[in-house]
């Protein structure tokens, strides 16, 4: 608003902050580093074809989030078989003092892809609540 004393939070690309930490952790397949960006009492709320909006998957607490990330990144969401993560990429990342949003693209050895769209609010500089919409290749 013109004449308003309120300022807009600065936004940044993946070159710093939590987005840079996420990029490093995913690139190094370092689940412990990835879990450290979540507050101790953080919540992940996921919607996907397995977990529809009326019944999202909810994970509470950093330790439970770390276990979930291990499962999500290295196991098939439908058949539950182990799979090899070849690469990850963060697209269209934006971070402010209050939160962050980004698209995560994972490619597995078999050629299948998973896309996760994150919208997260920060709590004391870490992720406090992460809402995620996930889609993956059917075959």
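The values are calculated or read from the model by the stated rules, or taken from the named source; none is laboratory data. Here the structure is a predicted model, which means the values were calculated and not measured. Neighbour counts are summed over all protein chains in view; Cβ atoms, including those assigned to glycine, are modelled from backbone coordinates with ideal geometry.
Please go through the range 112-125 and give me each residue that is surrounded by fewer than 18 Cβ atoms within 10 Å (Cβ to Cβ), under 23 Å from residue 87 (Cβ atoms) and in contact (Cβ under 8 Å) with a residue 24 or more places away in the chain, ordered by number.
Across the range 112-125, the qualifying residues are 112, 113.
Residues are listed down the side, and each one gets a yes or a no for (1) farther than 17 Å from residue 114 by Cα; (2) buried (at least 16 other Cβ atoms within 10 Å of the Cβ):
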{"position": "26", "(1), (2)": "no, yes"}
{"position": "41", "(1), (2)": "yes, no"}
{"position": "53", "(1), (2)": "yes, no"}
{"position": "66", "(1), (2)": "yes, yes"}
{"position": "69", "(1), (2)": "no, yes"}
{"position": "84", "(1), (2)": "no, no"}
{"position": "87", "(1), (2)": "no, no"}
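Could you list, in sequence order, the residues of the range 29-45 that are more than 16 Å from residue 100 (Cα to Cα) and part of a strand (DSSP E or B)?
The first filter runs over the range 29-45 and keeps only residues more than 16 Å from residue 100 (Cα to Cα), leaving 29-33, 40-41.
Within the range 29-45, 40, 41 meet the criteria.
State all residues of the range 100-116 that are within 12 Å of the chain's Cα centre (by Cα) and more than 15 Å from residue 26 (Cβ to Cβ); if no residue qualifies, say none.
101, the sole residue that qualifies.
Cβ-Cβ distance below 8 Å, separation of 6 or more or different chains: which pairs start in the range 25-54 with a residue that is farther than 21 Å from residue 95 by Cα and end on one that is part of a loop (DSSP other than H, G, I, E, B)?
47/53; 47/56; 48/77; 50/77; 50/78
Might you check whether a residue that is at pLDDT 95 or above, farther than 18 Å from residue 128 by Cβ, surrounded by fewer than 18 Cβ atoms within 10 Å (Cβ to Cβ) and touching a strand residue (DSSP E or B) at 6+ places or on another chain (Cβ under 8 Å) occurs anywhere in the range 91-107?
Yes.
Using the structure shown, decide if residue 127 is over 23 Å from residue 61 (Cβ atoms) and either in a strand (DSSP E or B) or at pLDDT below 90 (or both). Talk me through it step by step, then tell me what you get.
Values: over 23 Å from residue 61 (Cβ atoms): no; either in a strand (DSSP E or B) or at pLDDT below 90 (or both): yes.
In short, no.
Among the residues of the range 12-28, are any at pLDDT below 95, touching a helix residue (DSSP H, G or I) at 6+ places or on another chain (Cβ under 6 Å) and not in a helix (DSSP H, G or I)?
So far as the range 12-28 goes, yes, one or more of its residues are at pLDDT below 95, touching a helix residue (DSSP H, G or I) at 6+ places or on another chain (Cβ under 6 Å) and not in a helix (DSSP H, G or I).
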